[in-house]
1. Give the order of 263, 155 when sorted by the count of other beta carbons within 10 angstrom, beginning with the fewest.
2. Set the Förster distance to 25 Å, then compute FRET efficiency between residue 147 and residue 9 from the Cβ-Cβ distance, nearest 0.05.
3. What ranking of 54, 293, 2 emerges when the number of other C-beta atoms within 10 Å of each C-beta is taken as an exposure proxy, fewest first?
4. Please give the FRET efficiency for residue 51 paired with residue 254, using the beta carbon to beta carbon distance and R0 = 35 Å, rounded to the nearest 0.05.
5. Give the Cα extents of segment 213-269 along the principal axes, in whole Å, largest first.
6. How do 207, 289 line up, fewest other C-beta atoms within 10 Å first?
7. Report relative contact order for segment 206-260 in percent, whole number only (criteria: Cα-Cα under 8 Å, sequence separation at least 6).
8. Given a cut-off of 27 Å, name the pairs among 13/140; 98/200; 13/43; 114/262 whose C-alpha atoms lie farther apart than that in the structure shown.
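Just so it is clear, none of the values below were taken in a lab; they were calculated from the coordinates. Just so we're clear, the structure is a prediction, and the values are computed from it rather than from any experiment. All Cβ positions, even for glycine, are placed from backbone atoms using ideal geometry, and neighbour counts span all protein chains on display.
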Amino acid sequence: MSAPDNGTVLAGKYRVNKLLGEGGMGLVIEAEHLQLEQRVAIKFLRPEALAHTSLVARFAREARAMTRIKSEHVARVIDVGTLETGAPYMVMEYLEGKDLEAVVAERGPQPIDKAVDLVLQASEALAEAHTLGIIHRDLKPANLFLTTRADGSDCVKVLDFGISKSRDTGSSTPDVALTQTASILGSPMYMAPEQMLSAKEVDVRTDIWALGTILFELLTGSPPFPGDTIEELRARMLTGKHLELKAFRDDIPLELEEVVLKCMQTDPNNRFSDLAELATALAPFAPPDAIVSIDRIRRLLAPKGSDAPASIATPYGRTAVAPSGSATPRSATPQSVPVFSTPVSARAPASSKVRWVGVAVAVLVLAALGIAVLSRADGKAVTGSPASPTASTVAVAEPVPAPPPSAADPVAPASAETIAAPPPVVASGPAPTGKTGLSGRTPIARDKTPRTSPTTEQTAPPPPPPATTSQDLFNTRK
């Protein structure tokens, strides 16, 4: 079909505004949804394409692929249907902006960080497609559309999944009809060598080749493999005779050049194995906001049940910023992980107990000394034999309660341990100076049951006192 006239209403609800573009097998128009008053883009197949069942199947395949991918970097499909002529149509969100082919034609080579960011945004959509088993196979600057978000930031949309290949064995459309070896599917200047040889022998590394050629063109303004015929292009690709980045600009780091060249290796085994590896390699050259795309790509392609690393290590000894734990705006800054201190009650309980044991001992010793002095003053001290240095005077002290715990040095509850009454205090001989001597250490009882009354040590009975003489009585009275 030719482009419908402006003002024509299609499917009873879409009014045609203007033609946006057309190709050999299809065309795209701008229309307005009459009920929603929303601008949309409608894609059709031409009547001559309807005779090719493979083209009709590709059209249906594109709609299914685009609805399965939820990324913001893929144009959203709103509706599908068939016109009265039998031509299928697909209604998509209307995009304002330009594709990257037009951007390069108007502005020339892009700044390094800008070019890397555009490729990373496209890679985010492709990473999700790859997890669904979808290979795009027709990546080129004209199929990457640059639009803007509500906040004015750039957003890349991947278009035209018409010749995408699905590895989904449950698909209603067999891949055989879409991947005929004899047919050339894709844009030759951006096609990987294996795709040129056989459209069936492709995998995710085929899309990685195309992204490398797109990045080359964004940086230089020219595709890496120029040629006037498919045979010339194929010969250049198979022999690796591409243009040199340094021939266009001298500000491209050697490491970035290595990344581009690795994407365009003739042998797929020598390329990056997946888009997560490519995104990691591009991280040092990307703007800060691109961390969101890098994080999502790596999480999408991470093995199930595994977490993405906290930081992005690059092949060149650099480390990119750490990704956030969840989806964040491109302007967000990753937050540091808080460090929690050890609870106070869990710190060094043994040292606190030892400190309080020392305090208790000191208190008990002072109490025993006071009782001994008072007993001496009241004349109740028992005088032992001067000739027996081991003879002692026994004084029993009342139990002294432990001081309350301090808030700065918490200890175990008081019921955990009970400090026993002090041991007997030994005073030797007549003490003319009024001082009482102490022998041995004060034992601390570990009995969990509180004692009801103090106990005294069992000591050997003292020897019988010698006969009292008048001289002794005289000395005592003094």
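1. On the way: 263 25, 155 18.
Ordered by Cβ neighbours within 10 Å, fewest first: 155, 263.
2. 0.40
3. On the way: 54 18, 293 26, 2 9.
Ordered by Cβ neighbours within 10 Å, fewest first: 2, 54, 293.
4. Details: r = 53 Å, r/R0 = 1.50.
Efficiency at R0 = 35 Å is approximately 0.10.
5. The Cα atoms of segment 213-269 stretch 33, 27, 15 Å along the principal axes, largest first.
6. Details: 207 29, 289 18.
Fewest to most other Cβ atoms nearby, the residues stand as 289, 207.
7. On the way: 32 pairs, mean separation 17.4, N = 55.
Here the relative contact order equals 32 percent.
8. Numbers: 13/140 33 Å; 98/200 31 Å; 13/43 15 Å; 114/262 20 Å.
Flagged as over cut-off: 13/140; 98/200.
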